[in-house]
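A single structure is presented below for examination.
The values are calculated or read from the model by the stated rules, or taken from the named source; none is laboratory data. This structure is a prediction, so every number in the text was calculated from the model and none was measured. Methodologically, a virtual Cβ is constructed for each residue, glycine included, from the backbone with ideal geometry; neighbour enumeration extends over all protein chains shown.
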Amino acid sequence: MTLAATDKSPAQANRDTLFLEDATLLESHEYPGQQFILRLKAPQCAARATAGSFVHVRCDETIPMRRPLSIMRAARNDGWIEVLFKTVGEGLNALAGKHVGDSLSIIGPIGRGFEVHPERPNTLLVGGGVGIPPLIFLAEQLHRDALEWQPLVLMGSELPYPFEILRSELPADWLPEEIAGTMPMLEHLGIPARLASLADFPDCLNGYVTDLARLYLESLDESQLARTELFACGPTPMLRAVATLARELALPCQVSLEEYMACAVGGCAGCTVLVRTDDGPAMQRVCVDGPVFDAERVVSFAED
């Protein structure tokens, strides 16, 4: 589910899979909170996208700087991808104004995605805000896999969710019955999910998504924890809290980092983070060395 191991560095391996593609806008859906989901016809990107990878999008011909957007879904056979974004700034406002049939230049798929491990099939996926899309991708991918994955998706948002909250009929014995809000697409696939917010949304936990994660993990016994791994994407404070929780329970945890990017293909080194490597501390680029990292290797997350 990630790049195959090669003798090349992560960045070099990633470059072999990048495509500059003129994508066609197939669908555009607006949601409360100035959020948009776009479906783009992009066969080359769709064929190679992995959960955690992203595209660098030219939002308009008049705006030279591209914007990095996580891939939320990808249909290899039909050749489309979906992205979710909130309109912040000139570029994304311009992107929100595009119409079905418009052409958009994209570079992608970029980055190293999540890597799942068969010995830990109990996968806890934690997403916050615009960090939710990679976890939707991962959940759908696990659902299609022939292995016995057991994904649970937890989401948090202070904006209205970009879907109508559905009351789940899938069991969650670790929660009170009134906390039953879920995402319709995941519910229809049979993937359990629960929602959190401080915005008093119906059927959601009144708290942070990390509160949901703690409630779930503390309900597991030692044998269940030994089969559990965490995957997270969202704002930095949320990722730090997830990493801390994973460390408390001695669980492996992968985080997809959010950083400002200029080139997004490893050339400018403007999105570097300090990580621990086998050869000692090093600055690595979120765009091509990540965006997914082992949480314990990210220095700012591993510090107490």
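Could you count how many residues in segment 243-300 are within 17 Å of the chain's Cα centre (by Cα), more than 27 Å from GLY91 (Cβ to Cβ) and crowded, with 17+ Cβ neighbours inside 10 Å?
Summing the residues that are within 17 Å of the chain's Cα centre (by Cα), more than 27 Å from GLY91 (Cβ to Cβ) and crowded, with 17+ Cβ neighbours inside 10 Å in segment 243-300 gives 4.
Would you please list the contacts, defined by Cβ atoms under 9 Å and residues six or more apart or on different chains, that run from a residue in segment 126-153 that is on the phi > 0 side of the Ramachandran plot to a residue that is modelled with pLDDT under 95 and surrounded by fewer than 22 Cβ atoms within 10 Å (Cβ to Cβ)?
Pairs that qualify, where the first residue is on the phi > 0 side of the Ramachandran plot and the partner is modelled with pLDDT under 95 and surrounded by fewer than 22 Cβ atoms within 10 Å (Cβ to Cβ), are GLY129/LYS86; GLY129/GLU158; GLY129/LEU159; GLY129/PRO235.
Of PRO235, PRO252, which residue is at pLDDT below 95 and not small (Gly, Ala, Ser)?
Testing whether each residue is at pLDDT below 95 and not small (Gly, Ala, Ser) leaves just PRO235.
Read through the list (1) part of a strand (DSSP E or B); (2) closer than 20 Å to GLN35 by Cα, then give the number of the only condition that PRO109 fails.
Of the numbered conditions (1) part of a strand (DSSP E or B); (2) closer than 20 Å to GLN35 by Cα, the odd one out for PRO109 is (2).
Still on this structure: Could you tell me whether segment 101-113 includes any residue that is surrounded by fewer than 17 Cβ atoms within 10 Å (Cβ to Cβ) and either within 14 Å of the chain's Cα centre (by Cα) or of a type in the set (A, V, I, L, M) (or both)?
For segment 101-113, residues surrounded by fewer than 17 Cβ atoms within 10 Å (Cβ to Cβ) and either within 14 Å of the chain's Cα centre (by Cα) or of a type in the set (A, V, I, L, M) (or both): absent.
Here is a check on your reading of the model: is GLY111 in contact with a helix residue (DSSP H, G or I) (Cβ under 6 Å, 6 or more places away or on another chain) and either at pLDDT 95 or above or under 28 Å from HIS143 (Cβ atoms) (or both)?
Taking the combined requirement at face value, the residue does not satisfy it.
A further question follows. Within segment 173-185, can one find any residue that is over 21 Å from LEU84 (Cα atoms), surrounded by fewer than 16 Cβ atoms within 10 Å (Cβ to Cβ) and touching a residue at least 60 places away in the same chain (Cβ under 8 Å)?
There is no residue in segment 173-185 that is over 21 Å from LEU84 (Cα atoms), surrounded by fewer than 16 Cβ atoms within 10 Å (Cβ to Cβ) and touching a residue at least 60 places away in the same chain (Cβ under 8 Å).
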